[in-house]
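Remarks on the structure that follows.
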Amino acid sequence: MLIFTLKRLLSLALSLIAASVAIFFVVEIIPGDPARLMLGINATQDAVDALRTQMGLDQGVMARYWLWISGLVQGDFGISYTYRVPVAEMVQGRVWVSLPLAMYALLLSTLIAFPIGILAAAKRGSWADWLVMGGTQLGVAIPNFWFAMIMVSILAIKYQLFSAGGFPGWDDPLAAMKALTLPAFVLALPQASILARVMRSSLLDTLSEDFMRTARAKGRTARGAMVHHALRNAMIPVLTIIGLQFSFLLAGAIIIEKIFFLPGLGSMIFTAITQRDLIVVESVVMLLVFAVILVTFLVDITYALVDPRLRRRA
Amino acid sequence: MSLLEINGLKLSIGAAEILHDVSLSVDAGQITAVIGESGSGKSMTAYCVNQLLPRGSVAEGQVQFNCQNMLALDEPSLCNIRGKDIGMVFQEPMTALNPVQTIGAQVAETVLIHGAASKPEALKIARDTLNRVGLPEAQFPLSRYPHELSGGQRQRVVIAMAIALRPKLLIADEPTTALDVTTQSQIMDLLKRLVQEDGMGLLLISHDLGVVADVADHIVIMRKGKVVEQGATQHIFKHMQHPYTKALFEASSHKPDRKAKPLDAPILEVKNLIRDYALPRKSLFGPAPKFRAVNDVSFCLKKGESLGLVGESGCGKSTLTRAILGLEAIQGGSISINGVEVKAGHTVPRTLRRNMQVVFQDPYGSFNPRHKVARLVSEPFHLLDDAPTGAARKAAISEALEAVGMQAADADKYIHEFSGGQRQRIAIARALIIKPELIILDEAVSALDVSIRAQILDLLAALSDKLGLSYLFISHDLSVVRAITDRVMVMKSGVIVEEGPTEAIFQTPQHEYTRALLAAAPSLEDLMQ
């Protein structure tokens, strides 16, 4: 297990280096001079050159990559071309909205998906299964912006249970959680639908395995066999989906952030792209890649904890 | 009253009637064997005893175990009996264990479910039971996982789970079918010993008369959901009455009539063949370690000859086959087909592969279910440069199907419409269609019922007489190899340890491994005498 973890860590480091090189050079080859962009078309060549020197753009490619990477490691993400403030500061405020939102949504999605997925598998073919399959089909199909608006108009406007939008900050944790609840729920619904379906089909596969019959022959009740033998074996595909969903939720919530006026990473990166604020794009993308690779690493470790057969491979 | 008495048992699943009026009994300390081919209802009879039936099953009649009618008990009472009074061993040891739990936890579970002991005591019972079934602590600590064990070892773990609480009755459903001959005889010995030591009754389900004949006290022959004949083993062997019983015995030791004589010219010559596999790296740097699956193997197969290759799983016989078929490159030595040599570092080219076809074991998995038989059978045409089209293609497909006793009209059907035996005929038709000189039969009859197996062996013999085919016949089943081959090779750990004319090898084996294999293989002929 230790060797497995070390190997996965090494692979994590290598993936990060590869990703950073790819991101840096893709941004490099995008046409357009950031310095000229910032100063506008009427600026003199001298002014542009001066800014280029100040921004370090006149140095060689390798030197700039090294500068960027060593900065990132120390938490220095550079200065935004557009706003002239450190990117780190801009990101920090946003991460504390997007990260809790993603985690909240994932928690809700898991809390909804596990029980209904297990129920549907255990009562295969019954009305409960039929209801879960129909409901999750609907959950996947409903566009989340529409569902968000419905939720806002009913729960926030008519009954005033939740705020319709905005984010009060973490000074009052309760208020912050209240502000995140509706968007998290809206984000969680389609994810929960997918997860519940994966849980159901994975469990059904496991329930038909020979070792389930062995468990019954030992004297386990149907429920006991499900709890002690089926669940853990059915977890691998479910974990894969959870890992993918977290990565998606972290930056893929732009529409929901816009609807609920949440200052998250998604809307920030969207603005940065339209303003050609490449240093922000570069750094935020790198941050997201880091998060995704880290989640993949954690999922890999969980795989190995769940299934001893995976510990030998790496 | 017997330990288990089944009287007038009927079973239907949905609209299908599976069992009609089955009656049999098992006494304490005795072994009752139920023999039948697939679809005979032998396994379902066993599942009626501990009531682990598929959904929608309705059982009627009497299943008296230990003076209680199992059919009348409710689910909680059944859960109490299962595992405690009735243990069960299954056919597939590779999948019968939970892959994510240690063997210790799984054996102790039987004890813990029934609240028979505390956790430390249950683990101690698990340890003792594993010792009893021949898995000593030194090599098999409780912390082992199933994937770290071989098939035979896993089957011992399954048996340990079944007997941990010393049940009164043990049900074993084809417990050795998936195992090698030597492992099979060890497992049968173990079951017999446990029956004697614990005085339990054993209901042994099998399709193989040879396997059970040695150990059973009582034999029940089933066919199509009915008991056709039953009695004491010796009595059945000496005075069998029912024509089906007689046919089953005949088919089990069937020898096809072979007239073809091999020519002197070789079709396949293998010289000093070496096949290595790379193993997972042990360290990050340095070369990956290698496993030599085939080590310096040489042999020659003549035109019209039938050559057997026997050995247990993992001996390298499938790897050898894959190299000959050109599926993998060889690392040393050479393969010559019709005098054209393929050297180390190369795979057998397409032009040579035309002369060979293969028939695999699994009649269910070796066909794409979405294609019609015509397309399946004509697949080998891709090996030809000028494959026939249109009417000529159709004629070739009809000819191949008719050669194996199927009909030309079967070309328009899908594979699920055929039985296992018919599928294996279609697989042979697929091999014949490009008129190869050599057919490699990789456990081609191992998954078939004895009566179907006898038919396929007859078909193979007739085809080789008619078309002058050569066969490389790979099998773990020694009696089949004896029936269909002229010469036989015995393989162990990648090496051919003995080779010679089939009868000579079977009557006077020289190598000790061959002798061990033959001793382990059940033989009906000895019992009949």
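Some observations on this one:
Table: residues versus (1) in contact with a Pro (Cβ under 6 Å, 6 or more places away or on another chain); (2) not assigned by TED's automatic domain parsing to the domain that holds B:Lys317.
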{"site": "B:Thr233", "(1), (2)": "no, yes"}
{"site": "B:Pro243", "(1), (2)": "no, yes"}
{"site": "B:Ala247", "(1), (2)": "no, yes"}
{"site": "B:Ile267", "(1), (2)": "no, no"}
{"site": "B:Val270", "(1), (2)": "no, no"}
{"site": "B:Ile274", "(1), (2)": "no, no"}
{"site": "B:Ser298", "(1), (2)": "no, no"}
{"site": "B:Lys302", "(1), (2)": "yes, no"}
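- Condition met for B:Ile113 (within 14 Å of chain A (Cβ to nearest Cβ) and of a type in the set (Val, Ile, Thr)): yes
- Residues in the range B:116-140 that are within 22 Å of B:Ile187 (Cβ to Cβ) and within 14 Å of chain A (Cβ to nearest Cβ): B:Ile125, B:Ala126, B:Thr129.
- Any chance A:Ala272 is aliphatic (A, V, I, L, M), in contact with a helix residue (DSSP H, G or I) (Cβ under 6 Å, 6 or more places away or on another chain) and over 28 Å from A:Ser193 (Cα atoms): yes
- Qualifying residue in the range A:220-240 (condition: surrounded by 24 or more Cβ atoms within 10 Å (Cβ to Cβ), away from every other protein chain (no Cβ under 14 Å), touching a residue at least 24 places away in the same chain (Cβ under 8 Å) and not charged (D, E, K, R)): no
- Scanning the range B:86-97 for residues that are of a type in the set (A, V, I, L, M) and outside any strand (DSSP E or B), we see that the one that is farthest from the other protein chains (Cβ to nearest Cβ) is B:Met94.
- The helices (runs of 4 or more DSSP H) found entirely in the range A:123-218 that carry 1 or more residues being over 30 Å from B:Asp173 (Cβ atoms) are A:127-141, A:144-151, A:173-207.
- Residue list for the range B:455-475, restricted to those being within 15 Å of B:Ala260 (Cα to Cα), under 24 Å from the mean Cα position of the chain (by Cα) and part of a helix (DSSP H, G or I): B:Leu457, B:Asp458, B:Leu459, B:Leu460, B:Ala461
- Scanning the range B:439-454 for residues that are assigned to a helix (DSSP H, G or I) and surrounded by 20 or more Cβ atoms within 10 Å (Cβ to Cβ) gives B:Val450, B:Ile452, B:Arg453, B:Ala454.
- Just one of the listed residues (B:Val100, B:Val107) is within 11 Å of another protein chain (Cβ to nearest Cβ), crowded, with 24+ Cβ neighbours inside 10 Å and not in a strand (DSSP E or B), and it is B:Val107.
- Residue within the range A:112-127 that is surrounded by fewer than 18 Cβ atoms within 10 Å (Cβ to Cβ), closer than 20 Å to A:Arg200 by Cα and among the charged types (D, E, K, R) present: yes
- Failed item in (1) touching a residue at least 60 places away in the same chain (Cβ under 8 Å); (2) out of contact with any Pro (no Cβ under 8 Å at 6 or more places or on another chain); (3) not charged (D, E, K, R), with B:Ser336 passing the rest: (2)
- Scanning the range B:54-85 for residues that are touching a Gly at 6+ places or on another chain (Cβ under 9 Å), surrounded by 16 or more Cβ atoms within 10 Å (Cβ to Cβ) and within 13 Å of chain A (Cβ to nearest Cβ) turns up B:Leu78, B:Cys79, B:Ile81, B:Arg82, B:Gly83, B:Lys84.
The values are calculated or read from the model by the stated rules, or taken from the named source; none is laboratory data. Owing to the predicted nature of the structure, the values given are computational and were not obtained by experimental measurement. Cβ: placed from backbone, ideal geometry, glycine included. Neighbour counts: every protein chain shown.
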